[in-house]
Amino acid sequence: MHPESQGRDVAQRILDNVNKVILGKGDAVRLGVIALICQGHALIEDVPGVGKTMLAKSLARSSGCTFSRIQFTPDLLPSDVTGASIYNQRTGDFQFRPGPVHSQIVLADEINRATPKTQSALLEAMEERQVTVDGVTHRLPLPFMVMATENPVEYEGTFPLPEAQLDRFMLRIRLGYPSMQEEIAILESQQMTHPFDSLEAVATPDEVVRLQEEVRRVYVDTLVKQYIVTLAEGSRRHSAVALGASPRASLALQRAAQAQAFLAGRDYVLPDDAKELAGTVLAHRFVLTAAARMQGLDGLRVVRQLTEEAMVPGARAGR
């Protein structure tokens, strides 16, 4: 079997496995797998009880990765996330005790409930895959992904994520309520036991790391790169946007498009890959003007306008 087809087989096994638990939300599951295989982080924003935590746990178990959950609360300290140096009376030395961020898939549950100081403890981990405690740098395991959840409805006692932190999340996932038939299927599947209880690993962390390397090799034509940058630039000039997409956002959209093409069985990116993912990658990064917010505009509507106005190039399938 060709190495790339082996990688696609691994990715498909993970997708199919998670879909056994997260019923009727194939698009959200696919976005979670996209974030995993292109070394990104995901922000899951939705109301309680729709499966945000279960999506993260199912991804971790399916990929054979270690998993930890951090419940963010107002009294959570940065050291509760990263770890701390503890004095050992027996040896007379300080020993580093790693925090829950030292896992391969980390669930930051209700991240907007913690103070900005604690939220920022994740910044170095998310960007550089390391944490620094008492001047000593500790590398995080590979693969490494943060999946953060937040409730968009309940604002009392929450601290909105700053722009710098939002920019670290490759994409934002929204699960939404299931349809009536999907919810009936959920009730039936969990009547006796939860499907997660019987979920087994269908990949190894080493396979996921190799998968990430394969995704980076997916070909992106210059015309597709120009299209991605056109969308990012358009957001910076849009009258409703006070702060548009950064170059990090352009990189994130390119990497996500590579992962989408890989999952589709292609070794090249189409403009439609970038167009389809533009909303989930770019919209949460925009800071809208006060006037735009009063008019009811949001980031997704701005992205829709940008994709309607930008000329989609003719993609070249070969190199």
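The values are calculated or read from the model by the stated rules, or taken from the named source; none is laboratory data. Just so it is clear, the structure is predicted and the values come from calculations on it, not from any experiment. Note that each Cβ is placed from the backbone with ideal geometry, even for glycine, and that neighbours are counted across all protein chains shown.
Condition check ((1) within 22 Å of the chain's Cα centre (by Cα); (2) in contact (Cβ under 8 Å) with a residue 24 or more places away in the chain) across all residues:
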{"residue": "SER62", "(1), (2)": "yes, yes"}
{"residue": "ILE70", "(1), (2)": "yes, yes"}
{"residue": "PRO74", "(1), (2)": "no, yes"}
{"residue": "THR82", "(1), (2)": "yes, yes"}
{"residue": "THR91", "(1), (2)": "no, no"}
{"residue": "ARG97", "(1), (2)": "no, no"}
{"residue": "VAL101", "(1), (2)": "yes, yes"}
Item to check | Members of the range 75-128 that are within 22 Å of PHE144 (Cβ to Cβ) and β-branched (Val, Ile, Thr) | outcome: VAL81, THR82, VAL101, ILE105, VAL106, ILE111, THR118
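Test THR137 against the criterion of being surrounded by 13 or more Cβ atoms within 10 Å (Cβ to Cβ) and of a type in the set (Ser, Thr, Tyr), and give yes or no.
Criteria not met by THR137.
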Checklist entry - For residues in the range 267-298 being among the polar types (S, T, N, Q) and not in a helix (DSSP H, G or I), which is surrounded by the fewest Cβ atoms within 10 Å (Cβ to Cβ)? => result GLN295
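Being of a type in the set (Ser, Thr, Tyr), under 28 Å from GLN295 (Cβ atoms) and assigned to a helix (DSSP H, G or I): is that true of SER239 here? First the steps, then the outcome.
Numbers: of a type in the set (Ser, Thr, Tyr): yes; under 28 Å from GLN295 (Cβ atoms): yes; assigned to a helix (DSSP H, G or I): no.
Here the answer is no, as SER239 does not meet what is asked.
Every residue, every condition in (1) surrounded by fewer than 14 Cβ atoms within 10 Å (Cβ to Cβ); (2) outside the structural domain of ILE34 (by TED's automatic domain parsing); (3) under 30 Å from LEU251 (Cα atoms), yes or no:
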position: THR132; (1), (2), (3): yes, no, yes
position: LEU142; (1), (2), (3): no, no, yes
position: ALA148; (1), (2), (3): no, no, yes
position: PRO152; (1), (2), (3): yes, no, yes
position: PRO160; (1), (2), (3): yes, no, yes
position: ASP167; (1), (2), (3): no, no, yes
position: ARG172; (1), (2), (3): no, no, yes
position: PRO178; (1), (2), (3): no, no, no
Checklist entry - Which one is modelled with the lowest pLDDT, of the residues in the range 37-55 that are buried (at least 22 other Cβ atoms within 10 Å of the Cβ) and assigned to a helix (DSSP H, G or I)? => result LYS52
Item to check | Of residues in the range 173-194 being hydrophobic (A, V, I, L, M, F, W, C) and part of a loop (DSSP other than H, G, I, E, B), the one farthest from the chain's Cα centre (by Cα) | outcome: MET192
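Step by step: first the residues of the range 155-189, then only those that are among the aromatic types (Phe, Trp, Tyr) and modelled with pLDDT under 85, then the one that is farthest from ARG113 (Cα to Cα). Which residue is that?
To start, the set of residues in the range 155-189 that are among the aromatic types (Phe, Trp, Tyr) comprises 155, 159, 169, 177.
Subset that is modelled with pLDDT under 85: 155, 159.
On the way: TYR155: 9, PHE159: 6 Å.
Only one residue tops the list, namely TYR155.
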Item to check | Odd one out for ARG236 among (1) basic (Lys, Arg); (2) under 23 Å from LYS20 (Cα atoms); (3) not assigned by TED's automatic domain parsing to the domain that holds ILE14 | outcome: (2)
Next on the checklist: For the range 70-104, which positions are outside any loop (DSSP other than H, G, I, E, B), at pLDDT 90 or above and farther than 16 Å from THR137 by Cα?
Outcome noted: ILE70, GLN71, ASP80
